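For reference, the structure is listed below as structure tokens.
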Amino acid sequence: MSADSLSASLGDISLSGDEETSSFQPIKDDQSNKTFNNNNINNDTQNTLLDSPEIQNVMNSDIAINALLTRLKTSLLTCEEFTKFLRKKYLFEEEHTEELSKQYKHFFTTTNGVSSLRKMIHDVLEFDGKLAKVKQSYLTALQKMYDEISALLLTITKMRKSVKENSRRLEKDVVDAIHAAEKAQSRYISLCQDYEKVRMADPSKTKLTLRGSRTTKEQEEDLLRKIDSADLEYKQRVDHSDSLRHNFLTRERPRIVQELKDLILELDTAMAIQLQKYTIWTENLILNSGVTVSPFDKPQNSMKGIANSVKNEQDLYNFLNKYNASSKSGLLLNKNLIPVEYKKHPSMAKRRNSVNKAPPKYAVDPARNSIPKRILSTHNESPFHPSSSTNFGTPIIASNSSSKYASSTPMGTSQLSSTTSRSFVPLNQPSKPRKSIDTFNGNEKQATVSNNNPNSRNGGNFHSLDPGKGDARMPSISNTLVSTDTTDSDRPVSYLQTDVRMPAGVQNNFKTFGVPLENLIEYEQDMVPAIVRQCIFVIDKYGLQLEGIYRKSANVLDVSKLKEEIDKDPSNISMILPGNNHSDSDIYLVGSLLKSFFSLLPDPLVPGIIGPELKTCISIEDPKTRKNYMHNLLYKLPDAQYWTLRSLLFHLKRIIANEESNRMNQKAVCIIWGPTIVPINEEDPNDVNYQIASMEVLLDVADQAFEPE
């Protein structure tokens, strides 16, 4: 097969391939003829170059066959690599075409009665299907090119192997003949040398051999016979080797060289033609894709034209105008928002001039019966009895009516009575009139807050409801209501008997310990649980300089008993306050209670969901970058965890600030609190160092991540 014939055949394949691909624009005849004419011109130029004297000198040398075999192998490797590329290209394009042809069908399938935006998106996505059809022809062309080059590669490889084996065999025959001639020459020369020695020897001497003694003359005759035989063989070997070498150099080697040169040119020419076909098909793909996306004759049908035809205002107008239709006119008015006209019932007309009766004894004062909102503070002795020196915007709950309350404490039972007004004043709020909402009739009333009780301490703060007992604990609010008979009353039901959501501990099956932090915050309607604020207040006031605070644990039974009391009634957290004659064990009890609260949370204070990000944070070597990363994690915490963690961290920093007295440095605090509030390492649950390291970063970043208290 010659280079011209192979080029012509591949040219025909190229043209036929273009005719089979309907989506491609057909190649013009003059363009194809021009391409192949250029190939013929290139072939003539190559032949002229290869006939130059310097090239012929190499072609006629002994290195010609090996050089051409190496060059042909390089061409085969190029062909093989291009074949692999075409296969990869085909698989990639095939997968892309399949995705283009089917994925767009799963989106924006409904186009009837929808906005123009949705319809235009559907029309734009349909271009994926059109482009898939265009690319399908390109895939067919790639597959055909791959098959052609693979067949060509296989054929040329076999031919090269055959030529190589033939050349090696012929060359080996010549080499073997030359070696045989050299052996015959050596034998002939050796015999001649022996003959010369015998002639120079003494004629009178005899030589003893296995056949007896031989004279010099007999020896000369024997050597002459051997020399004649060796000379004949030597001449025949030389003639045979010369004949084989002459035949190899004049006939076989030029034929092999010419065959290898033709194979190289055929393969390279075929690859050049295939490369031209690849460029033509790729160019047609791009041009046809462009014409598909942006047709010349109808610009309004282009992808850009369709996208520009969206009418958002018209779509909104059409959507809203539908509600003016008779079938939907009733939707313009929400019947639930129609106000109720107030009318006095006729049966009550007779009672207009009657004297108002005094409220019966069983009527419950809403201000007394409702539990006040807990205040966000860690600087107050009780979350229910705030100080006038702090200020937070919490509603005031007050009452001017007289009531009697019965309460029970762990020390015994006492009867308390009050004839003066008791008010729950927000923290950091000066004593002044505030507005309170009556939860029954919805009318606003002005309530005046008074701190003029002569028995008050620290601006109205009590350790107990009894001013005369400074070391008593605050009684349970849930036990202060007097049970009265309600059989003959026409008054409204008690506030506690309504469906209003109450704080934790009031409703059954809801406790303070062991419940999710979010639920506790929701029921208390505050940002930090009251038990956390109360414990922090007690430790700040009495335990900052107490040696081993949080390291020394209290009696387990005392902690368990206090937890049960608080779970019964949330107001019992006032029992955490130590009396006047308190001991260090009372403060250690508060510290153990606070640790127990956080350890019993279903999810740690630092949520376990950010555990992987915590590991990433502590692995950062640069301190500034590590703090900034932790700052970002804290910013994403839910409100309940964010504010509670803020109060705890600032409290622990105050503990560390008194290290000289309490012997609790940052490392000791992290060892105690890290496993308590930081989630475990899921990969290694026994890795406490991970929790300790996380706690250290939390303490370091507290001043940066939170506003100061």
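Pairs to check: Lys197/Lys226; Lys135/Lys158; Lys624/Lys667. Give those whose C-alpha atoms are more than 25 Å from each other in this structure.
Lys135/Lys158
Hey, can you grab everything whose amide H is under 5 Å from the amide H of Arg214? Only 5+ residues off in sequence or another chain; H modelled, so Pro and N-termini drop out.
Amide H neighbours of Arg214, under 5 Å, 5+ apart: Lys207, Leu208, Thr209.
Take the cross-link list Lys102/Lys130; Lys130/Lys277; Lys144/Lys277; Lys130/Lys298 and give me the ones stretching past 20 Å between alpha-carbons.
Flagged as over cut-off: Lys130/Lys277.
Explain nothing, just compute: Karplus ³J(HN,Hα) = 6.51 cos²θ - 1.76 cosθ + 1.60, θ = phi - 60°, for every residue of the range 167-181 in order, whole Hz, x for Gly and Pro.
Computed from phi, the couplings for the range 167-181 are 5, 5, 5, 5, 5, 5, 4, 5, 5, 5, 5, 5, 5, 5, 5 Hz.
Could you give the length gained on full extension between Ser309 and Tyr323, defined as 0.36 nm per residue of separation minus the Cα-Cα distance, in nm?
2.5 nm
With a Förster radius of 45 Å, plug the Cβ-Cβ distance of Glu707 and Ile286 into 1/(1 + (r/R0)^6) and report the FRET value to the nearest 0.05.
The computed FRET efficiency comes out at 0.15.
Which of Asn658, Ser571, Ser553 sits farthest toward the positive end of the charge dipole of the range 517-705, with +1 on the Cβ of Lys and Arg and -1 on the Cβ of Asp and Glu?
Highest projection toward the positive end goes to Asn658.
Using a 10 Å cut-off on Cβ atoms, rank the peptides 520-530, 265-275 from the highest mean neighbour count down.
Averaged packing, sorted descending, gives the order 520-530, 265-275.
Pop a pseudo-label 7 angstrom from the Cα along the beta-carbon direction at both Glu80 and Arg199 and give the gap in nm to one decimal.
The two pseudo-label positions are separated by 6.4 nm.
Mind checking Rg over Rh on the range 517-705, alpha carbons, Kirkwood formula for Rh?
0.96
So how strong a dipole does the range 517-705 carry about its Cα centre when Lys and Arg Cβ are +1 and Asp and Glu Cβ are -1, to the nearest 20 debye?
Dipole about the Cα centre, nearest 20: 440 debye.
Which order, highest average first, do 694-701, 649-656, 317-324 follow once you tally other Cβ atoms within 10 Å for each residue and take the mean per peptide?
694-701, 649-656, 317-324
Translational diffusion coefficient of the range 88-153 at 25 °C, 0.890 mPa s, Stokes-Einstein with Kirkwood Rh over Cα pairs, in µm²/s as a whole number.
180 µm²/s
For Thr616 and Val293, what does the FRET efficiency come to when R0 = 41 Å and r is the distance between their Cβ atoms, rounded to the nearest 0.05?
0.40
As a test of the definition: which semi-axes, in Å, follow for the range 161-314 when you take the square root of five times each eigenvalue of its alpha carbon gyration tensor? Largest first, please.
Each semi-axis is √(5λ); the values are 90, 14, 8 Å.
Each label point is 7 Å from the Cα along the Cα-to-Cβ direction; what then is the distance between the points at Ser560 and Arg225, in nm?
Once both label points are built, they end up 12.8 nm from each other.
Give me the distance between the Cα centres of the range 296-320 and the range 76-134, rounded to whole Å.
Distance between centres, Cα-based: 23 Å.
Residue by residue through the range 600-609, which ³J(HN,Hα) values in whole Hz follow from phi under the Karplus form 6.51 cos²θ - 1.76 cosθ + 1.60 (θ = phi - 60°), with glycine and proline marked x?
Karplus-based 3J(HN,Hα) across the range 600-609 equals 8, 4, x, 10, x, 4, 8, x, x, 5 Hz.
Since every read-out is calculated from the coordinates, none of them should be taken as a lab result. Note that the coordinates shown come from a computational prediction; the quantities given were computed from them, not determined experimentally. Cβ sites come from the backbone with ideal geometry, for glycine too, and all protein chains shown count toward neighbours.
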